[in-house]
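Each remark here refers to the structure printed beneath this line.
The values are calculated or read from the model by the stated rules, or taken from the named source; none is laboratory data. Computed from a predicted structure; not experimentally measured. FYI the Cβ positions are ideal-geometry reconstructions off the backbone, even for glycines, and counts take in every protein chain you see. We work out accessible area using only protein heavy atoms, side chains counted, and drop any ligands, DNA or RNA first. Shrake-Rupley method; radii C 1.70, N 1.55, O 1.52, S 1.80 Å.
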Amino acid sequence: MTAKTTKTTAKKTTAATKKPKTNSKTAKAAEKKKILFVASECTPFIATGGLAEVIGSLSKALAATGRFDVRVVIPLFSDIKKEYRDKFNYLGNLYVHLAWRNQYCGIFEYVNDGVTYYFIDNEFYFKRPGCYGYFDDGERFAFFSRSVLEIMPFLNFYPDVMHCHDWQAALAAIYLKTNYCFKEEYQYIRALFTIHNIEYQGQYSLDLLCDLFDIYEGYKYLVEYNNSINLMKGAIECCERFSTVSPKYAEEIKHPYYAHGLDPIIRKNEFKLTGILNGIDDIGYSSTHDTHLFANFTPEDFTNKAVCKSELQKMLGLPEKPETPIVSMVSRLVSHKGLDLVTEVIEELLWDDVQVIILGTGDSHFEGYFRDLANRYPDKMSANIVFNGDLSRKIYSGSDIFLMPSKSEPCGLSQMIACRYGTVPVVRETGGLFDSIKPLHNGYTFANYNAHDMLFVIRKACADYKNKEEWSKLMYRAATTDFSWSHSALDYEALYLDMLNN
């Protein structure tokens, strides 16, 4: 893509090669600790999962403290909505060298809620539907990571901490500590790498070390693992610290069952490891203000939650039975979300006085199974094999019990969201589910990955639902559990300062 083409997509604020000038605002920001988030997605611009919500919410929470100059850099994907693109300012462009390539890199800026967002533009890599799943993803995110380092002199912004997220941003940390470590401006930047899901590690053939990733042969030992390139392993080795999105998950990934082969590297570097539980946007997920709901309600007065339940039943073609508990799932329909447990015992559950609602897409055999089940139990089961954000809010608010039986769950946001709407979670004790849901305080838990253990706890919750007085107290405790980013932001602040002081 040429610079001329790029300039037509947003307001041009500077000449293509002119660097931003330092002003009083920049000087004031320099007094704060500078944090740069490097990630592949961020709300509200583009999201495929929980990573985007973390980047969008945590950056705002840190900026709100007034103690940090927080900036975020992501690719300028074509799926970013025009309503946002029209607000982006074009800062200029440069060319990024990656091995034998010399690729155009446009830089766009947007400032909102105290956070400065940068967008890396290259139509060859990013003008495609979606974010991931392409044969050249390694090259695409190598270019992105290299661009992050290259735009720092252009912006005259060298962060105190560069906070990289998941394998797509791993190379930014690797490049910082290898190719760029000899440049004075980069020597004082600390790197933090956060693992949101250890299953996806960025693994490639060793043949691509120099030609694709532009990593010198002398640094091969940093990224080599099991006779291949492992970008997550390289980031763990290179960063001053690395973290996960819950304390429990930080412990779990030291063991083979959870680590997808990376447990020896985790144990080797565990002195650098921290687990910090994610939060959620408690303003966006609010039963009091959410405009998606059939009726709003508060933790002090759940009267209108009955309206949400009744309208949800009507909408999905289920009988309106206020005394029958609704058990819901909003999930990707894949095995590690516990769907194999659900399919094993759900027909037993449907024999009880219960209604089950499922929303999500995923593996075709799960999709087909739940569709068939809904056809056979039309008065008790609703299978919605779609991705629908509006419907998800209506399900969260209209259900009584929320099921999340994951085999592994680095953090999980759905159980927290359900709580915000007074819907009581039933979860397996793993990862962030263990850290966020406490038995009979704000939900129910089971430990073993066993279908009948899960069924026993669901039936216990359904039985307790009949005791309206105690159930109302449980709903209140769930709805008032503090899942905001304020606590997590303080934990990250402490981690950043510890990195800088040591």
**Request:** Might you let me know whether the range 479-495 holds any residue that is closer than 19 Å to Thr324 by Cα, of a type in the set (Ser, Thr, Tyr) and touching a strand residue (DSSP E or B) at 6+ places or on another chain (Cβ under 9 Å)?
**Result:** no
**Asked** When the residues of the range 203-212 are filtered to those that are without any contact (Cβ under 8 Å) to a residue 40 or more places away in the chain and surrounded by 15 or more Cβ atoms within 10 Å (Cβ to Cβ), which remaining residue is nearest to the chain's Cα centre (by Cα)?
**Response** Gln203
**Request:** Please note which helices (runs of 4 or more DSSP H) are completely contained in the range 213-316 and include at least 3 residues that are among the aliphatic types (A, V, I, L, M) and open to solvent by 30 Å² or more (accessible area, probe 1.4 Å).
**Result:** 303-315
**Asked** Are any residues in the range 34-58 assigned to a strand (DSSP E or B) and farther than 20 Å from Tyr158 by Cβ, and if so, which ones?
**Response** Cys42, Ile46
**Request:** Using the structure shown, decide if Ala191 is touching a helix residue (DSSP H, G or I) at 6+ places or on another chain (Cβ under 8 Å) and under 19 Å from Gly106 (Cα atoms).
**Result:** no
**Complete:** Exception for Ser406 within (1) surrounded by fewer than 19 Cβ atoms within 10 Å (Cβ to Cβ); (2) farther than 24 Å from Lys321 by Cβ falls at (1)
**Item:** Criterion violated by Ile385 - all others in (1) touching a Lys or Arg at 6+ places or on another chain (Cβ under 9 Å); (2) within 23 Å of Val457 (Cβ to Cβ); (3) not basic (Lys, Arg) satisfied
**Value:** (2)
**Asked** What single numbered condition from (1) open to solvent by 30 Å² or more (accessible area, probe 1.4 Å); (2) in contact with a Cys (Cβ under 6 Å, 6 or more places away or on another chain) fails to hold for Asn388?
**Response** (2)
**Asked** Taking interchain pairs and intrachain pairs at least six residues apart, which have beta carbon atoms under 8 angstrom, with the first residue in the range 126-150 and in contact (Cβ under 8 Å) with a residue 40 or more places away in the chain and over 28 Å from Lys183 (Cα atoms) and the second of a type in the set (S, T, N, Q) and assigned to a helix (DSSP H, G or I)?
**Response** Tyr132/Gln168
**Request:** Take Asp211 and decide whether it is under 27 Å from Pro256 (Cα atoms) and acidic (Asp, Glu).
**Result:** no
**Message:** If I filter the range 93-118 down to residues being of a type in the set (Phe, Trp, Tyr) and farther than 27 Å from Thr43 by Cα, which single residue comes out as least open to solvent (accessible area, probe 1.4 Å)?
**Reply:** Tyr95
**Fill in**
Scanning the range 363-403 residue by residue, those under 17 Å from Thr324 (Cβ atoms) and free of Cβ contacts under 8 Å to residues at least 40 places away in the same chain turn out to be Ala374, Tyr377, Met381
**Complete:** Subset of the range 168-199, residues part of a helix (DSSP H, G or I) and either small (Gly, Ala, Ser) or open to solvent by less than 30 Å² (accessible area, probe 1.4 Å) (or both), comes to Gln168, Ala169, Ala170, Leu171, Ala172, Ala173, Ile174, Tyr175, Leu176, Tyr186
**Complete:** Residue hits (the range 371-382; open to solvent by less than 30 Å² (accessible area, probe 1.4 Å) and out of contact with any Gly (no Cβ under 9 Å at 6 or more places or on another chain)) are Leu373, Ala374, Met381
**Request:** For the range 163-187, name all the residues that are touching a residue at least 12 places away in the same chain (Cβ under 8 Å) and aromatic (Phe, Trp, Tyr).
**Result:** Trp167, Tyr175, Tyr180, Tyr186
**Message:** Can you find, within the range 120-155, the residue that is farthest from Leu231 (Cα to Cα) among those that are hydrophobic (A, V, I, L, M, F, W, C) and surrounded by fewer than 17 Cβ atoms within 10 Å (Cβ to Cβ)?
**Reply:** Phe124
**Item:** Cβ pairs under 7 Å, 6+ apart, first in the range 85-106 and within 10 Å of Asp121 (Cβ to Cβ) and modelled with pLDDT of 95 or more, second outside any strand (DSSP E or B) and among the hydroxyl-bearing types (Ser, Thr, Tyr)
**Value:** Tyr90/Thr6; Tyr90/Thr13; Asn93/Thr6; Cys105/Ser147; Gly106/Thr6
**Prompt:** Taking Pro159, is it within 25 Å of the chain's Cα centre (by Cα) and either within 23 Å of Ser59 (Cβ to Cβ) or among the acidic types (Asp, Glu) (or both)?
**Reply:** yes
